[in-house]
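Undergrad: Below are the structure tokens for one structure; questions will follow.
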Amino acid sequence: MKNLFTLSFLIFFVVSSAFCQVDLKDKGSFICSERKSNSPDRSNMFRSPNTPKHKFDVLNYTLNLDLYNNFSAPYPQTFTATEIITLRVDTALNVIKLNARNNSLLINSVSLSGLSFTHAQDTLTITLDRIYNQDEVVEVKIAYNHKNVEDGGVYVNGGFFFTDFEPEGARKCFPCYDRPYDKATLNLTAKVPSNVLLGSNGRLADSTKVADTIWYNWISRDPIATYLMVISAKKNWNLDIVYWDRPSTPGEPMPIRFYYNNGENPTQMEAKVPLMATWFSDHYGEHPFEKDGFVSLNNEFSWGGMENQSLTSICPGCWSESLICHEFAHQWFGDAISPGTWADLWLNEGFATWSESLWWERDGGYAAYKNDVNSNASYYLSANPGWAVYMPEWAENTPDNNTLFNYALTYCKSACMLHLLRYSMGEDAFFTAIHDYGTDTLNFRYKNAVTEDFQAKLEASSGQDLEWFFESWVKMPNHPEYQNEYSITDMGNGTWNLNFLVNQTQTNAGFFPIPIELTVNFIDGTDSTIRVMNNENQQFFWFNFEKKPTNMLFDKNNEIVLKEASLFVGIDENNIGNSSFNLGQNYPNPLNSSTTISFSIPESANVLLAVYDLAGKKVMDLLNGKQEKGTHVMSFNLGQLQTGVYSYRLDAGKLSETKKMIIIK
């Protein structure tokens, strides 16, 4: 039975109220979430290693839209269009199926390789003129009308025409394969009145004016997920263009276009965005696109932003630094690297939300960064709906917007995942891995990533095994609830033992392994922080000191932000030193020179701890002598060993256990 003694008391407790309070209306991530969750539901050239495949891969959409009449009263929703879809066949076929909303689109004809069609249940089924085999390229031309309906994908009113497609609204504007993993380039031509400015993805290849009419031609060099394709246009818009000096092409700066309404002033953000471009390029790799831009819309786009590739939409007047930062960061994570499925949306919104914190670190240091991370954790802890940030079933069945864009999970907890990776992996390993991920053009940049891809890239870059992190923190719901205990024992020979029992008590999730930091305060006013890997529940640690500890703090700096925790003085005396035989995984692993190894023995014994090469030859003794029963945590310098894979073995009496370690110089 647990004995807390008469001196037991609660000395540390972390709950959501301990975090700083932040006005959510100032958070770019919150504004983004509100817009997306409240918007209408929308039900390998460009592929990453684990993104899904289907029978064909769309390579390009060529759209020609006549929008001239949409800018005059009564501002009809209807327009005529032609489209050429270029696709490559993955599996031999003579029929292709595209997403096309019946209530929005009227299909008039198909031609080129298209022979005939049916349009029912929001699916356009096109019979081709023959069977096409794997790797053949097919072109299908479609003539269609957009109907005079408000559909939550195409918005026409008062001199505005704009689109908003996430997650699956592109099918309301043009026939397409409307899943995030099928990215394609876009060539858009649109006819509008001459007093209309029109922006889209990519670069402005041409704008031809004849009398009262102008034809805009926007061409995207880089593939786009359909939900990130955009058309934004308005009569008598204001346009400012600023330039960012791209490091890779000196003398050829990247244009950043700011479209804004009368009465708005984006000047401050026009100065900030080039600084953001440099900051994020330093951390994530150079800005991925040939141009960027922002458009301020009308009240139909009432709250938030949408990270359309190279042209972000924002609500009218919403030139706030946090929102602009959030949407701008999406150009790297969400746009250049798009989600393989909607189950992987946490990578989009987690990175964009965490990037807000990283942006504050630029001028305010780690304290400003951590303050923003704490606010995300606080919101999650107060509003956790109880599912994981990664939901595999979403890969096939897109949930409703309120679920998909849940602020507590998809934004706040997902951002905290990246903070916990930074804390667990270490600064250098984490930022190197993130940069490697953002610049991997072979597998991810201009393509997609699923969660398994992201994990594999971090592991390959860092040499660390992160299965423990993704299987628990990413794929399980909820968070750890700690009820930890410690005691201090005077050993009577000028030494003191500190005994620590780490105990997770949550019943709504499994165990969450993570490195933990214990800060020990001593009678002489000094302190020492010990970092150990907590890889099992009710794990017991024992430390010996040659000066008297006065107390201990668990996670003093609250780096494990997703938790509830209490720490009690007093521990069950029957548990002290009664741990079973166990050899812990060294930490860090891989290592450069120093590492920490923990082990437990059930009784006093002569202990040999040694390092062996792959041939089984002993190359270093770490420990040889009698050790008392209990858990021991010791640090060793292995700097004399060369880069390679080794094993270390613990022998205690008749008991023995071996683990693998990696040394990287």
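Undergrad: What ranking of W468, W359, W354 emerges when the number of other C-beta atoms within 10 Å of each C-beta is taken as an exposure proxy, fewest first?
TA: Taking fewest neighbouring Cβ atoms as first place, the list is W468, W359, W354.
Undergrad: 5 Å is the cut-off here: which amide hydrogens, built 1.01 Å from N in the peptide plane, fall below it relative to R101, excluding neighbours closer than 5 in sequence?
TA: Counting only residues 5 or more places away or on other chains, the set is K172.
Undergrad: On to the next question. So what's the convex hull volume per residue for the Cα atoms of the range 60-158, in Å³? Spell out each step's value before the answer.
TA: Numbers: hull volume 9.4 nm³, N = 99.
Output value, Cα hull per residue: 95 Å³.
Undergrad: Sticking with this one: Among L591, H632, S604, whose Cα lies farthest out toward the positive end of the dipole of the range 582-663, if unit charges sit on the beta carbon of Lys, Arg (+1) and Asp, Glu (-1)?
TA: L591
Undergrad: Turning to a different aspect of this structure: How do R179, R88 rank when sorted from fewest to most other Cβ atoms within 10 Å of their own Cβ? Before the final figure, lay out each step's value.
TA: Numbers: R179 21, R88 16.
So the ranking, lowest neighbour count to highest, is R88, R179.
Undergrad: In debye, nearest 20, what is the charge dipole magnitude of the range 130-196 about its Cα centre with +1 on Lys and Arg Cβ and -1 on Asp and Glu Cβ, if you could check?
TA: 260 debye
Undergrad: Just name one of W279, N376, T507: the one whose Cα is farthest towards the positive end of the charge dipole of the chain (beta-carbon charges, Lys/Arg +1, Asp/Glu -1).
TA: W279
Undergrad: Students often forget the sequence filter, so: which lysines lie under 17 Å Cα-Cα from K563 once same-chain residues fewer than 8 apart are removed?
TA: Those lysines meeting the cut-off are K370, K413, K475.
Undergrad: Report the paramagnetic label zone for E393: residues of the range 505-530 whose backbone N is under 11 Å from a point 7 Å from Cα along the Cα-to-Cβ axis.
TA: Taking a point 7 Å out along Cα→Cβ of E393, no residue of the range 505-530 has its backbone N under 11 Å.
Undergrad: If you don't mind, there's one more thing I want to ask. At what distance in angstrom do the alpha carbon centres of the range 180-229 and the range 454-503 lie from each other?
TA: Here the two parts' Cα centres lie 52 Å apart.
Undergrad: While we're looking at this one, here's another question. Calculate the translational D of the range 39-236 in whole µm² s⁻¹ from Stokes-Einstein, where the hydrodynamic radius comes from the Kirkwood formula applied to all Cα pairs, the temperature is 25 °C and the viscosity 0.890 mPa s.
TA: Estimated via Stokes-Einstein, D reaches 143 µm²/s.
Undergrad: Nearest 20 debye, what's the magnitude of the dipole of the range 39-236 about its Cα centre given +1 on Lys and Arg Cβ and -1 on Asp and Glu Cβ?
TA: Here the range 39-236 has a charge dipole of around 140 debye.
Undergrad: Could you give the length gained on full extension between S528 and D428, defined as 0.36 nm per residue of separation minus the Cα-Cα distance, in nm?
TA: Full extension from S528 to D428 adds 33.7 nm.
Undergrad: Out of these labelled values of volume of the Cα convex hull per residue in Å³, (1) 159; (2) 148; (3) 180, which was calculated from the coordinates shown here?
TA: So the calculated entry is the one marked (3).
Undergrad: Right, next: When R445, R101, R531, R362 are ordered from fewest to most other Cβ atoms inside 10 Å of their Cβ, what list results?
TA: R531, R362, R445, R101
Undergrad: With a ≥ b ≥ c the root eigenvalues of the C-alpha gyration tensor of the range 389-522, is it rounded (a/c under 1.5), prolate (a/b larger than b/c) or oblate? Walk me through the intermediate numbers first.
TA: Values: a/c = 3.23, a/b = 1.70, b/c = 1.90.
Note, shape of the range 389-522 comes out oblate.
Rule-based calculations on the coordinates, nothing more; no lab input. The shown structure was predicted, so the numbers you read here are calculated from the model rather than taken from an experiment. All Cβ positions, even for glycine, are placed from backbone atoms using ideal geometry, and neighbour counts span all protein chains on display.
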